[in-house]
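Have a look at the structure below before the remarks.
Values in this text are rule-based calculations from the coordinates and carry no lab data. Given the structure is predicted, the values throughout are model-derived calculations rather than measurements. Cβ coordinates were reconstructed from backbone atoms using ideal geometry, including for glycine residues, and neighbour counts include every protein chain displayed.
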Amino acid sequence: MELFASPMSCSLASHITALEAGLPVKVRFIENKKTDDGGDYYQISAHGYVPALKLDDGRILNEGPSVLQYLADAAPKAGLAPAWGTVERYQLIDTLNYLSTELHKRIFYNVFNPKSADATREAARALFEPTFDYLAKKLGTGDYLVGSSFTVADAYLVVMLNWAVFLKVDLAKWPVIAAYHQKHLKRPAVVKAMGVEMAERQRRAA
Ligand SMILES: N[C@@H](CCC(=O)N[C@@H](CS)C(=O)NCC(=O)O)C(=O)O
């Protein structure tokens, strides 16, 4: 399988998941909508978005939640997603949908987008507080968003907490979230994936 990614973007969650799962996934960074061999990335992803996962038979998945679940299901022993047919699986889907729509697109997209009007960016920033209040409550005293072990939902949230830190959101206001972030940043797969992606960013900045 090949994972098309952009360093430190939402595709990092899929990169982390591939490593957690121990799957032989080749990570291919895109830049300016070009693949690493100079190809047109729009041929892979109609919207030019990452992540995109090219399966061994050539078919492509192009939405974070489906890519994450496909990778998790390819290595069930890693326990990165509850089994299909269980209520826990629907809780995972519930959570991925929340992260994708309410946090990723409703908040971060509008804050990061250079084309956002000031009022749009401010309105999006104002949503951090109620959203992180909700997530802190959801985590409770636990270390995981769903069930009692690390799932793909945690991989996704860790990536967005990195963005929150980058945007100088003071996570100390939510000690549960700050502790959750620090704990998961130490996971070997997270360290490894972030090391590779930071190196790629530095290479581009040089
Ligand atoms: N609906 C897609 C959106 C993915 C997405 O927004 N990816 C961003 C990076 S985090 C991207 O590729 N942005 C490039 C662009 O907007 O041109 C998903 O949930 O996976």
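Summary table below
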read-out	value
Value of relative contact order over the chain, rounded to a whole percent, pairs C-alpha under 8 Å and six or more apart	23 percent
Considering only the range 1-152, percent of DSSP beta bridges that pair antiparallel, nearest 5	65 percent
Selected from TYR42, TYR156, PRO24, residue furthest toward positive end of dipole (the chain; charges at beta carbon)	TYR156
Cα gyration tensor, the range 87-188 - rounded (a/c under 1.5), prolate or oblate	prolate
Proximal lysines to LYS105, defined as alpha-carbon separation beneath 19 angstrom and excluding residues fewer than eight positions away on the same chain	LYS115, LYS168
Helical contribution to [θ] at 222 nm, DSSP H n ≥ 4, -39,500 (n - 2.57), averaged over the chain, rounded to 500	-15000 deg cm²/dmol
Given charges at Cβ of Lys, Arg, Asp, Glu: the chain dipole, positive-most of PRO65, ILE93, SER6	SER6
Efficiency of FRET between GLU63 and THR141 - r from beta-carbon atoms, R0 30 angstrom, step 0.05	0.40
Share antiparallel - DSSP beta bridges, the range 2-79, percent rounded to 5	65 percent
Helical segments meeting 18 Å axial Cα length and Kyte-Doolittle 1.0 threshold in the chain (DSSP H)	152-166
